[in-house]
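Accompanying notes for the structure given below.
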Amino acid sequence: MFASCMCDNTTPIYDRINKKLYIKIKKNREAESFKEQGNAYYIKKDYSEAFNYYTKAIDMCPKNASYYGNRAATLMMLSRHREALEDSQQAVRLDDTFMKGHLREGKCHLSLGNAMPDNSQAQQEVKNADSVLEYEKMAEIGFEKHDFRMVVFCMDRALESASACHRFKVLKAECLAMLGRYPEAQSVASDILRMDATNGDALYVRGLCLYYEDCIDKAVQFFVQALRMAPDHEKARLACRNAKALKAKKEDGNQAFKDGNYDAAYELYSEALTIDPNNIKTNAKLFCNRGTVGSKLKKIDQAIEDCTKAVKLDETYIKAYLRRAQCYMDKEEYDEAVRDYEKVYQTEKTKEHKHLLKNAQLELKKSKRKDYYKVLGVDKNATEDEIKKAYRKRALMHHPDRHSSASAEIQKEEEKKFKEVGEAFTVLSDPKKKSRYDSGHDLEDDTGNMGGEGWRSAGGKGLKLLECKKYIIHYNAGCSSALFRQQ
């Protein structure tokens with residue numbers, strides 16, 4: 001209802017909200033004005049005139065407990081205790097948490113000789129009042145310490161005795177919002193607004209819930225509405241300012257990213273993250289966005305850290321898991337990538353997520369076997385000629401004859417490397433085997449006991465180092481060689 005009432009500030013209020021509500025607001029303001037005038041006369045000890053203005057306030061707003069309480073105090077000063085008793089009783093009927101009303105009722109009874117020391121009902125009411133005051137005090141301390149669970153507990157206990165107290169309900173709703181229990185907070189605030197559509201505190205809580213759920217535009221509407229009902233509502237003013245600033249910074253960062261200005265986008269997202277640490281959902285998105293920018297800037301570790309912060313704030317944030325997983329893939333940290341993709345696939349079983357998971361699992365499998373590209377010292381995109389040149393170089397480097405004078409341990413190690421070079425060349429020089437290897441198939445059967453097969457299959461079994469060199473010279477001179485013939 002309230003969101004639909006939002007218009008620009010130039011539209012008269014009676015066009016923005018229904019006439020009945022406008023009249024109510026106008027009467028409330030006039031009643032407050034009469035009350036303030038009554039207070040001024042009360043301070044001057046002109047109790048008769050104070051009585052007149054408090055009566056005018058009551059006529060304008062007959063359901064305000066404090067107006068009856070003020071008039072009761074004035075009647076007591078005029079020694080009209082029976083009338084004061086009636087006003088005090090009416091005040092507590094309207095708001096049973098109105099402590100001044102209870103106190104004035106007690107004083108009136110005392111002045112009228114109605115002590116009734118054995119009145120068990122009165123004694124229980126005193127206990128209830130003390131209990132409510134104690135819980136209210138505990139709630140204030142809890143709120144200052146940001147112990148919002150304690151505040152909710154205290155307000156629940158206080159509301160058992162003061163079930164109609166909007167102030168307690170609003171405080172509970174605000175703390176529920178701070179705890180991330182938005183549906184509960186919305187429900188409490190909505191209940192209040194059904195009874196009092198002008199309650200600025202309840203409107204603020206409604207906006208707060210929307211703000212923390214990243215519905216910033218709607219949240220601003222409620223904050224503005226709260227400020228119309230209560231122009232001095234500082235919490236609504238601050239929240240409205242933060243919401244607008246957060247939205248603007250985020251949008252500027254998004255635009256910079258779209259324009260390819262990644263450094264500017266990174267700074268804008270960083271600035272946005274300083275605006276409101278309590279806005280968990282929006283900040284999770286900002287961390288993920290900054291992580292995306294970090295990956296574009298090749299700051300992979302920073303990108304992973306930002307995505308980790310995002311999922312700590314929002315464990316259901318799929319996009320952050322996907323971004324972090326891709327960063328792990330870029331770093332060839334496949335175990336971590338598989339874990340993130342598994343988390344994503346468990347949450348959303350889509351074909352795309354299944355494909356990403358299978359690809360990560362494949363890369364993990366490939367990373368655990370012998371890396372033939374690394375054995376030859378070439379890139380995975382190396383050409384056939386580059387593979388052959390690398391093979392010749394590594395074969396000569398690790399040939400057993402080159403290390404004949406070395407220790408037995410070194411000879412054994414070099415022979416092992418020599419065989420690995422042969423295995424690598426046998427696979428990478430054969431298009432079919434290379435294709436299977438690149439696709440991640442288990443090539444153990446293909447390469448089996450092929451140590452040094454690159455030499456043996458070419459008639460090079462037991463070749464001496466000098467003979468190797470001769471073959472290479474012939475190859476480089478353009479001669480056909482059985483050892484280095486084109487594959």
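Some points to look at:
- Length available on full extension from GLU413 to GLU49: 0.36 nm per residue minus the Cα-Cα distance, which gives 120.2 nm.
- Distance between the modelled labels on ARG339 and ASP156, one decimal in nanometres: 3.6 nm (7 Å Cα→Cβ projection).
- Potential lengthening of the chain between LYS63 and LYS24 amounts to 12.9 nm, from the contour at 0.36 nm per residue minus the alpha-carbon distance.
- For segment 139-250, the relative contact order is 17 percent, taking Cα pairs closer than 8 Å that sit 6 or more residues apart in sequence and dividing their mean separation by the residue count.
- In this simple spin-label approximation, LYS368 and ILE141 carry label points 7 Å from Cα along the Cα→Cβ vector, and these lie 5.7 nm apart.
- Here r is the Cβ-Cβ distance between LEU238 and LYS298 and R0 is 51 Å; the resulting FRET efficiency, rounded to 0.05, is 0.85.
- Inter-centroid distance (Cα atoms) of segment 312-390 relative to segment 263-279, Å: 30 Å
- Efficiency of FRET between ASP379 and ASN278 - r from beta-carbon atoms, R0 45 angstrom, step 0.05: 0.40
- A full extension of the chain between LYS354 and GLU386 corresponds to an added length of 8.0 nm, given 0.36 nm per residue minus the alpha carbon distance.
- Between ARG82 and ASN39, the FRET efficiency estimated from the beta carbon spacing at R0 = 25 angstrom works out to 0.60.
- Gap separating the Cα centres of segment 153-168 and segment 176-227, nearest whole Å: 19 Å
- Ranked for footprinting exposure by Cβ neighbours inside 10 Å, fewest first, ASP232, ASP191, ASP214 give ASP232, ASP191, ASP214.
- In nm, spacing of pseudo-spin labels at ALA164 and GLU32 (7 Å Cα→C-beta vector): 2.2 nm
- Restricting attention to segment 132-232, the count of lysine pairs at 8 or more positions apart or across chains with alpha carbons under 16 Å apart stands at 4.
A short reminder: the numbers here are calculations on the coordinates, not readings from a lab. Note that the structure is predicted; figures quoted are calculated from it, not measured. Glycine gets a Cβ as well: all are built from the backbone with ideal geometry, and neighbour counts include every protein chain shown.
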